[in-house]
Amino acid sequence: MKQALAALMAAAMLASCGGGREAPAPERGVANSDWRRVATAADRNRLRRWRTAWLDAVGRARASGAEGEIDAQGVLFDPDIVMAEAVPPPGDYRCRVFKLGAKDPGMRDYVAYTAFPCRIEDDGEVARFHKTGGSQRPMGLIFSDRSGRAVFLGTLIVGDETRVLDYGRDATRDMAGFVDRIGDRRWRLALPLPAFESTLDVIEIVPAGAGR
């Protein structure tokens, strides 16, 4: 079952970006399984540590002088907000990446990037997410969860790459996080302890034509 789910993720991600190699056809209905049966041990561990990472990252970002910028984003960096309809409906969105809590000396503890287009697609019991612009492009699947939050598992595409690594093949590219609705037509994807640069990445997700 886990192999079939991995194949589903690979097929979904390749279909989204037009990757250059074929993936095996997914078994019908396998997406009903729990995300825990897909996630690597390393990703399950970092999801368990999400709150510690979140508080550390936001605290260091505030201490660095970014308190005003953080407050201006409202509930975006509130770790405790959980609302119904955690999975965004299919459609075109605008995604803005925030990186908090630098991993290495000399890097900034708060960085906000320009928004890029992204997309949510329905794939039955899961949703596909892919950020279509920028030098770092998360791509993967969103699983509903009984906690009320949704769980994202995927991989990172960088630079001018067109092929997608299978989830679980390279731990430095694997991504895991939580998706929450945080307002009217506003969501976020929070990625604790990413492999590069920061302690917490938060991606704001709003409809492509939204005014924010």
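Listing for the model above:
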item: Every pair of residues 6+ apart whose Cβ atoms lie under 7 Å, when the first sits in the stretch 75-90 and is among the small types (Gly, Ala, Ser) while the second is assigned to a loop (DSSP other than H, G, I, E, B); result: 86/148; 86/149
item: Residue selected from the stretch 138-185 under the condition basic (Lys, Arg) and either part of a loop (DSSP other than H, G, I, E, B) or over 22 Å from residue 50 (Cα atoms) (or both), by the criterion modelled with the highest pLDDT; result: 185
item: Residue tally, condition of a type in the set (Phe, Trp, Tyr) and modelled with pLDDT under 90, over the stretch 186-208; result: 1
item: Subset of the stretch 66-82 [hydrophobic (A, V, I, L, M, F, W, C) and either part of a loop (DSSP other than H, G, I, E, B) or within 18 Å of residue 53 (Cα to Cα) (or both)]; result: 66, 70, 75, 76, 77, 81, 82
item: Hits in the stretch 37-87 (condition: aliphatic (A, V, I, L, M), over 14 Å from residue 202 (Cβ atoms) and buried (at least 17 other Cβ atoms within 10 Å of the Cβ)); result: 38, 39, 47, 86, 87
item: The stretch 186-197: number of residues that are over 14 Å from the mean Cα position of the chain (by Cα) and assigned to a strand (DSSP E or B); result: 1
item: Candidates 158, 179, 151, filtered to the one that is out of contact with any Ser or Thr (no Cβ under 6 Å at 6 or more places or on another chain) and closer than 17 Å to residue 77 by Cβ; result: 179
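The values are calculated or read from the model by the stated rules, or taken from the named source; none is laboratory data. For clarity, every value in this text was computed on a predicted model and none was experimentally measured. Here Cβ is always computed from backbone atoms with ideal geometry, including for glycine, and neighbour counts include all displayed protein chains.
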